Amino acid sequence: MKKDAAAAAGVCAQTVSEWLKQPNFSAALQAQRRQLAGLAVEKFREGTDTAVATVMSLMQTGSDAIRLRASMYYLDRILLLAAGEHGCEAPTDRTDIRDILAGLGVNI
């Protein structure tokens, strides 16, 4: 990665290593990375309405298997959001759905 960055900047890799040790350079680099990450997140947000509409549509049309998978996905996302809003830990592969629901005050 340093070699690619060095080549793009027209310097040797050692120069890039030296730049990275400078606080001002590192801070500017981190700021650029945060800005790029923010732009990427914004791009994802732009597709949110379409993604939700697609899942909602799949829950109502298609085969039973497609409706089931779309519904399970929808419920999984809702549980993740609700868990975050209530200060619960996000579920892991080892987390039982009943534990999540109980943490949210839902008894099954």
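No value in this document is a laboratory result; all are computed from the given coordinates. On a predicted model such as this, the values are computed, not experimentally measured, just so you know. Cβ: placed from backbone, ideal geometry, glycine included. Neighbour counts: every protein chain shown.
Cross-link partners for Lys21 among the lysines, with Cα-Cα distance under 19 Å and sequence neighbours closer than 8 places in the same chain left out: Lys2, Lys3. Computed from the Cβ-Cβ distance with R0 of 30 Å, the FRET efficiency linking Ala40 to Ser63 stands at 0.30. Taking the inverse of the mean reciprocal distance over all distinct Cα pairs, the Kirkwood hydrodynamic radius of region 1-61 comes to 14.6 Å.
Backbone phi angles across region 20-25, fed through the Karplus curve with coefficients 6.51, -1.76 and 1.60 (θ = phi - 60°), yield HN-Hα couplings of 5, 7, 8, x, 5, 5 Hz in residue order; Gly and Pro are listed as x. For region 62-75, backbone phi angles converted through the Karplus equation (6.51, -1.76, 1.60; θ = phi - 60°) give residue-by-residue couplings of x, 6, 4, 4, 5, 4, 5, 5, 5, 5, 5, 4, 4, 5 Hz, Gly and Pro being listed as x.
Across region 53-58, rounded Karplus estimates of 3J(HN,Hα) from the backbone phi angles (6.51 cos²θ - 1.76 cosθ + 1.60, θ = phi - 60°) give 4, 5, 4, 4, 5, 5 Hz, Gly and Pro being marked x.
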